[in-house]
Every structure is written in structure tokens, then in C-alpha cells.
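Data first, discussion second: the structure below is written as C-alpha cells.
The values are calculated or read from the model by the stated rules, or taken from the named source; none is laboratory data. Quick caveat: nothing in here was measured; it's all calculated off a predicted structure. FYI the Cβ positions are ideal-geometry reconstructions off the backbone, even for glycines, and counts take in every protein chain you see. Ligands, DNA and RNA are excluded from the accessible area calculation, which covers all protein heavy atoms including side chains. Shrake-Rupley method; radii C 1.70, N 1.55, O 1.52, S 1.80 Å.
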Amino acid sequence: MAQQSKMTVGGLSFEWDLSEGRFLFEGRDSVLFWTSTAMKMFFDSIEEISGEEAAAVVLETTGFRQGQVVGDYFHKAGGISVLKAAELITNTYASAGWGLAKIHNLDVGAGTLEVALKNSWEHQINVAQEKKVGGSFLPAHYAGIFSSLLERSIWYKVVHYQIEGYDESLIRYFPSDQTIEKNIHSLARRKEAEKIRELEQLVDEKTADLHDMIQEISSPLIPVLEGIVVVPLLGRYDEARAEELLIKTLENLPRHKAKYLLLDLTGLNENFNQHAAMLIEKLAATASLIGTETLLVGISPHMSMTITETGVDLSGSQCFRTLQHGIHFALAQNGRTIV
């Protein structure tokens, strides 16, 4: 077998040098890939790693920049008009297996044109991927080509894709301030926004879990002895938390057949405020309506001052310095004592 071979197809040169392991297209090093297998795996891997949305931007950016390289080549060649360059490009791409491309309605002055693509390698890959919509590489590629040829920013809009059941893909091109850089920044902002939304959702979920946990452990109802229930008041009470504790306590007192409700205020300390004072007053008043007497234990000097300032009336409840004193009192009322 010959180690070197060369042929011309459609005016374009193809050359192989097997001794060096090289393939040249128009005198330049090139490579060949199977479209529906090797190239499909390449596209699939990009999507798998970066996600479908980011992969589309990557391919669009790559296609556009490669198109700029092609456009710059013809633009710098000199003596080649835009119309002639467009003709050469489509012939070259057809010979290289890029599919059949036809350029219609090219208006150099207006910077507008249409490109029809049929059986492109990107279309074949998308078919192998079982996509419903075509890719962005080739549409962006021609935008890059004509941005360089026309020396102005050209962007595109896909009218329809071949994969949607049409004979060919049709793309319209026009001057625009849209750029691949803007698309990259837009994607970055969307990803940031998605991450923020995820974090916000996580915070909301954790806040809800924390709220449920606080509800579960906040001011528990503790039956210490028969007929005696202790409720330790902990932390700071606002209107909502005070109402919640009031309902929780009154719902459970009958279940424990409580004769005495001991409100332990030791855990309030500097957190004692008007809501807490009003809560104590309301708890004592409503508990008495269901036959439960309220005893207050652990009142500090600070609490005494706050109670006086707010005008809350706790005269109906007996007060004790410690929880132990309150429990001894409740037992004594029933003729019992701790030995």
C-alpha cells in the first residue's frame, strides 16, 4: 500500500502521509472522526459534565470563534469579495463533510443573509442524540464567519431546524450588538440566580425545620408529680410565640389532670419583656377557669420591675423563689410531702 496519496475533489486538495500519520486538507493538518459515534460521545460528554444549558453556550461560543478564524482567513487573503468567499466556504465545507450549505439573500451593505444547512455533521450528531431541537454550533459558526467578512457584529436567529422535520435548517443573520461574551455573562448570571434560589430554598427549609424543632422543645409541659405540671419559660417571647405556648399549655393541662401549674421563670432572666409578662397573666387567668392554680417560681428583681412597669396583675398567683419551694407548696396543699 502506498505510504502517500493525494487527490483533488471539487477543486480541493486531500492528502495522506501514512508514514507520518498525517492527513492534510488544503495543505493543512486535519483529522477525521465518525460523526454519529465518536463526535456524539464528545458532545454527550460536554453535556454530562457541564449540563445541557452550559454545553449549548460552550458549543455556540466555540462555533462562533472558529467561524471568525475562517472569516479572517478569507478577509486577509485579499482580492476576494464577500460573495466569492461565501461561495468558496460552502464548497469547502461540503467537501469536508460539513453538509450542504446554501447562502441566500446576502446583502453586504445591510449585513443580512440566510443560510440553509442540510445533512450537516451537527444535525447527524443531534439525530444520534435523539434531540428534538438542533444545536447552536453551526448557526453561531456562520455568524462568526460573516462577522469577520463584513467587519461588523452579526448574530443569528434559527427559523427552523432540519431535525424538526424540515428538509433543511434555515438560519437568518443580521447586525446585532448580541455577542458570545454577553451570552456567557448571561449564563453566569442565570447560574448565580439558580444557586441563590437553591440556597434560599435550603434556608427556608432549614428555618422551617428549626421552627418546628423550637416549637417541639420550647417551653415543654413537664408532669413532675401527680396533679403537678411544670412549664419552664425559656428565651424571648414575642406575641406569636406567647400565643403558641398559651394554646399548647391549656390544651395539655386537662390531659395531665393538673391541679397546679408551676411557671418556672428562671430561664427568662434579661429576656423578660412585656409579652412574657402578659403571657404569664393570661396563662394564670385561663388556667384558673379549668380548675388549675398557677404558681410562679424564679422571679428575679428585673422581672419584678418589668411586671410593675407594665401594670400586669399577678396578684392572683403565689410566688416562690425556687422551683423546689413551689413543688413543696403544691404537695402540702394536698396533705403530702417529699421525704
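Matching residues to (1) more than 36 Å from the chain's Cα centre (by Cα); (2) in a loop (DSSP other than H, G, I, E, B); (3) within 19 Å of residue 82 (Cα to Cα); (4) of a type in the set (Asp, Glu):
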{"residue": "110", "(1), (2), (3), (4)": "yes, yes, yes, no"}
{"residue": "114", "(1), (2), (3), (4)": "yes, no, yes, yes"}
{"residue": "125", "(1), (2), (3), (4)": "no, no, no, no"}
{"residue": "139", "(1), (2), (3), (4)": "no, no, yes, no"}
{"residue": "147", "(1), (2), (3), (4)": "no, no, yes, no"}
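Residue pairs whose Cβ atoms lie under 7 Å apart, separated by 6 or more positions or on different chains, with the first residue in segment 90-101 and open to solvent by less than 50 Å² (accessible area, probe 1.4 Å) and the second of a type in the set (Phe, Trp, Tyr), are 96/25; 97/121; 99/121; 101/93. Cβ-Cβ distances below 6 Å connect the following pairs, each with a first residue in segment 147-165 that is surrounded by 12 or more Cβ atoms within 10 Å (Cβ to Cβ), a second residue that is aromatic (Phe, Trp, Tyr), and a separation of six or more residues or different chains: 154/146; 154/173; 156/173; 160/166. Residue 315 versus (1) within 19 Å of residue 256 (Cβ to Cβ); (2) surrounded by fewer than 17 Cβ atoms within 10 Å (Cβ to Cβ): which is the lone unmet condition? Result: residue 315 passes all but (1). Yes or no: segment 76-85 includes at least one residue that is in contact with a strand residue (DSSP E or B) (Cβ under 9 Å, 6 or more places away or on another chain) and surrounded by 14 or more Cβ atoms within 10 Å (Cβ to Cβ). Scanning segment 76-85 turns up at least one residue that is in contact with a strand residue (DSSP E or B) (Cβ under 9 Å, 6 or more places away or on another chain) and surrounded by 14 or more Cβ atoms within 10 Å (Cβ to Cβ). The residues listed here are 261, 323; of these, the one that is closer than 30 Å to residue 336 by Cβ, open to solvent by 10 Å² or more (accessible area, probe 1.4 Å) and either in contact with a strand residue (DSSP E or B) (Cβ under 7 Å, 6 or more places away or on another chain) or of a type in the set (Val, Ile, Thr) (or both) is 323. Among residues of segment 218-239 that are more than 22 Å from residue 272 (Cα to Cα) and open to solvent by less than 20 Å² (accessible area, probe 1.4 Å), those with a Cβ under 7 angstrom from a residue that is modelled with pLDDT of 85 or more and not in a loop (DSSP other than H, G, I, E, B), sequence gap 6+ or separate chain, pair up as 227/260; 228/260; 228/262; 228/327; 228/330. Taking residues in segment 127-140 that are closer than 25 Å to residue 179 by Cα, and partners anywhere that are surrounded by fewer than 16 Cβ atoms within 10 Å (Cβ to Cβ) and among the acidic types (Asp, Glu), the pairs with Cβ atoms closer than 9 Å and at least 6 places apart or on different chains are 133/164; 134/164. Only a single item in (1) open to solvent by less than 20 Å² (accessible area, probe 1.4 Å); (2) assigned to a helix (DSSP H, G or I) is not met by residue 62, and it is number (1).
In this structure, residue 184 qualifies as among the β-branched types (Val, Ile, Thr), part of a helix (DSSP H, G or I) and within 23 Å of residue 61 (Cβ to Cβ). Among the residues of segment 296-323, the ones that are in contact (Cβ under 8 Å) with a residue 24 or more places away in the chain and either under 16 Å from residue 282 (Cβ atoms) or under 52 Å from the mean Cα position of the chain (by Cα) (or both) come to 16 in all.
Remark: pairs (first residue in segment 1-25, open to solvent by 70 Å² or more (accessible area, probe 1.4 Å); second residue in a strand (DSSP E or B) and among the hydrophobic types (A, V, I, L, M, F, W, C); Cβ separation under 6 Å; 6+ apart in sequence or on different chains) = 7/14; 16/23. When residue 192 is tested against the conditions (1) at pLDDT 75 or above; (2) open to solvent by 90 Å² or more (accessible area, probe 1.4 Å), the lone failure is (1).
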